[in-house]
Amino acid sequence: MSDLDKTQKVSNPALAKTVRIDPEELEREMKGRDDSGRKTVVMQRPPEISAIGWLVGDRGQHRGQMHRIDAAKAVVGVDSLCEVVIKHDHISDRHASIRFKDGAFIITDLDSTNGTSVNGESIHQHPLADGDRVSFGSSEWVFKCVVFQDN
């Protein structure tokens with residue numbers, strides 16, 4: 001089959017001439033272009049969240065409550081501007097932060113009045129694992145998480 005046989009005739013009355021276009025070449029040229037014919041630049045995709053965490057109330061007035069942690073950094077406290085708002089007399093306005101970095105959740109006490117503990121140990125900063133028991137003052141929670149593997 002010759003190149004002439006693979007082309008299609010396209011008449012453009014405004015130009016009053018016939019143009020031959022190879023459909024395969026046209027497809028290659030148009031790939032990646034939007035409706036205006038402009039070539040779209042492929043941008044780097046921002047990193048996706050690769051884990052989701054939850055604080056699950058373990059005892060007392062918060063038993064059974066769940067707070068999802070899916071931000072790069074979530075502040076826990078009584079202040080309504082916190083990502084995780086827990087109303088309790090022993091929790092500071094901005095009590096602690098939990099962030100996901102380098103494949104792990106890290107909890108940091110933000111110089112709270114009554115402190116933060118993980119598995120009964122007072123901490124300033126500590127990595128969190130699924131099932132860890134976290135206390136903000138006397139409010140007790142279980143940390144749960146799911147980590148997604150990048151393909």
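Among the residues of region 112-143, count how many are in a strand (DSSP E or B) and out of contact with any helix residue (DSSP H, G or I) (no Cβ under 9 Å at 6 or more places or on another chain).
At the first step, the residues of region 112-143 found to be in a strand (DSSP E or B) are 116-118, 121-123, 125-128, 133-136, 139-143.
Going one step further and asking which of them are out of contact with any helix residue (DSSP H, G or I) (no Cβ under 9 Å at 6 or more places or on another chain), we end up with 116-118, 121-123, 125-128, 133-136, 142-143.
Qualifying residue count for the region: 16.
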Restricting attention to region 105-122, report how many residues are in contact with a strand residue (DSSP E or B) (Cβ under 6 Å, 6 or more places away or on another chain) and of a type in the set (S, T, Y). 3
Give the residue, chosen from S97, S92, that is farther than 25 Å from V147 by Cβ and surrounded by 14 or more Cβ atoms within 10 Å (Cβ to Cβ). S92
Looking at region 93-111 only, could you name the residues that are within 25 Å of S50 (Cβ to Cβ) and part of a loop (DSSP other than H, G, I, E, B)? D102, G103, L110
Between residues in region 77-92 that are more than 19 Å from G53 (Cβ to Cβ) and at pLDDT below 95 and residues that are among the hydroxyl-bearing types (S, T, Y) and buried (at least 17 other Cβ atoms within 10 Å of the Cβ), which pairs lie under 7 Å by C-beta distance while being six or more apart or on different chains? H88/S139; H90/S139
So which of E121, E140 is of a type in the set (D, E) and out of contact with any Gly (no Cβ under 9 Å at 6 or more places or on another chain)? E121
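The values are calculated or read from the model by the stated rules, or taken from the named source; none is laboratory data. Predicted, not measured: the structure shown is a model, and the values here were computed from it. Every residue, glycine among them, receives a Cβ derived from its backbone with ideal geometry; neighbour counts consider all protein chains shown.
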